[in-house]
Amino acid sequence: MNVITSREFYQNTGKAHKIAKIEPVLITKHGTPDIVVLNYTEYQRLTQLSSSRSLYDIFASSNPQIAEIDLILPDREVDHQRPDVEF
């Protein structure tokens, strides 16, 4: 990701526009990430992903090696007695 300062962005928006057609441009303000400029096609892809996919779909489509890990949890103890507390 290309990073430019807000000052550079205001002085040369054409350069940021050209770069954003290829990859997102991170604009910083006082050294802190502030805004990301990206092309419209990428914006559409990201907004469609977030609105049309469930959390299951997102995890299922990630790295298949991670998705196949079995999670083994120990049995829970049934002792639910509250401790004596004095006020």
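Brief remarks follow.
- FRET E, pair ASN39, ARG7, Förster distance 22 Å, beta-carbon r, rounded to 0.05: 0.45
- Computed P(r) (all Cα pairs; region 2-55; 10 Å bins; percent): 25, 43, 24, 8, 0
Rule-based calculations on the coordinates, nothing more; no lab input. Quick caveat: nothing in here was measured; it's all calculated off a predicted structure. When we count neighbours, we look across all protein chains shown, and the Cβ atoms used for this are built from the backbone with ideal geometry, even at glycine.
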